[in-house]
1. Can you name the residue in the range 185-226 that is polar (S, T, N, Q) and under 18 Å from the mean Cα position of the chain (by Cα) and, of all such residues, is surrounded by the most Cβ atoms within 10 Å (Cβ to Cβ)?
2. How many residues does the range 97-126 contain that are without any contact (Cβ under 8 Å) to a residue 40 or more places away in the chain and among the basic types (K, R)?
3. Can you report the number of residues in the range 140-157 which are free of Cβ contacts under 8 Å to residues at least 12 places away in the same chain and on the phi < 0 side of the Ramachandran plot?
4. Do the conditions hold for Q110, that is, is it out of contact with any Gly (no Cβ under 6 Å at 6 or more places or on another chain), surrounded by 13 or more Cβ atoms within 10 Å (Cβ to Cβ) and among the polar types (S, T, N, Q)?
5. On the basis of being within 30 Å of L101 (Cβ to Cβ), open to solvent by 80 Å² or more (accessible area, probe 1.4 Å) and of a type outside the set (D, E), does K146 make the cut?
6. Looking at the range 165-181, I want the residues that are assigned to a helix (DSSP H, G or I) and have a partner that is basic (K, R) with Cβ atoms under 8 Å, at least 6 apart or on another chain. Which pairs are those?
7. Mind checking which residues of the range 92-107 are part of a helix (DSSP H, G or I) and open to solvent by 90 Å² or more (accessible area, probe 1.4 Å)?
8. Could you list all residues from the range 62-91 that are outside any loop (DSSP other than H, G, I, E, B) and either at pLDDT 50 or above or closer than 17 Å to Q227 by Cα (or both)?
Amino acid sequence: MLKFCFAVLLLANAALFAYGQGVLGSFQGEEHEPARLQKQLNAQQLKLISAAKANAAGAAVAPAPEAAATPALAQEEKPVVACLEVGNFTLAEARRFEAQLAPLELGERQARRNVQGQEVSSYMVMIPPAPTRDVAEKRAAELRAKGVADFYIIPEGQQKNGISLGVFKAETAAQTELAKLVKQGVTAARVAPRYSPSKQMLFQFRDISAATRVKLERIAVKFPEQQVRGCR
């Protein structure tokens, strides 16, 4: 009886040892470990590495927290105009224009600066410049023959060898004189504005929204002689 029990225990231990070695497989239906390794592709290239190296490799391939997801913008920025310029104003016009800008409350986004410009100072009734002084003298003789005595030949400048028939502050006065000369048979004369240097002002607006630009253009249209343009 004792021999029988000893034999049973011996067989049981042998069976457990075989199972532990993978010879008998497992209760879950897994394959014998050596056989499973043989079925894997390139099993001979598998290498055992330490736990430290495994952790380092995992950290290298893990995505950075900030790269895992790109947060959406909470609110899309409104388009802006980098720089808008309006001018050139005379001092009086600049004051009127600036007064109408006040409700927009542009603060540091609004600036003004002085520029050198020109403005009409008077109007001249004249005969355009002749190619030479001799030609100008012949035209002067023709004027005398028609009874015109108040004139002079311009000696230099852009209108050199032209003939001035009078200078007037107002354009209407110049046009009246021209009409009088035409009745005397002087058909070559015309009215030309005369310019003089003047200080003018322009306004610049930076980092303004599209809606603000529309408001500025509505104000600027009240000053038809001024230009609205981009700037840097």
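The values are calculated or read from the model by the stated rules, or taken from the named source; none is laboratory data. If you're wondering where the values come from, they're calculated on a predicted model, not measured in any experiment. Note: ideal-geometry Cβ built from the backbone for every residue, glycine included; neighbour counts use all protein chains shown. What goes into the accessible areas is simple: the full protein's heavy atoms, side chains included, and nothing from ligands, DNA or RNA. Shrake-Rupley method; radii C 1.70, N 1.55, O 1.52, S 1.80 Å.
1. Checked the range 185-226; the qualifying residue surrounded by the most Cβ atoms within 10 Å (Cβ to Cβ) is T212.
2. 0
3. The number of residues fulfilling the criteria is 7.
4. So Q110 passes the test.
5. Considered against the rule, which asks whether it is within 30 Å of L101 (Cβ to Cβ), open to solvent by 80 Å² or more (accessible area, probe 1.4 Å) and of a type outside the set (D, E), K146 comes out as no.
6. What qualifies is L178/R190.
7. R95, R96, P103
8. V80, V81, A82, C83, L84, E85, V86, G87, N88, F89, L91 - these are the residues of the range 62-91 that are outside any loop (DSSP other than H, G, I, E, B) and either at pLDDT 50 or above or closer than 17 Å to Q227 by Cα (or both).
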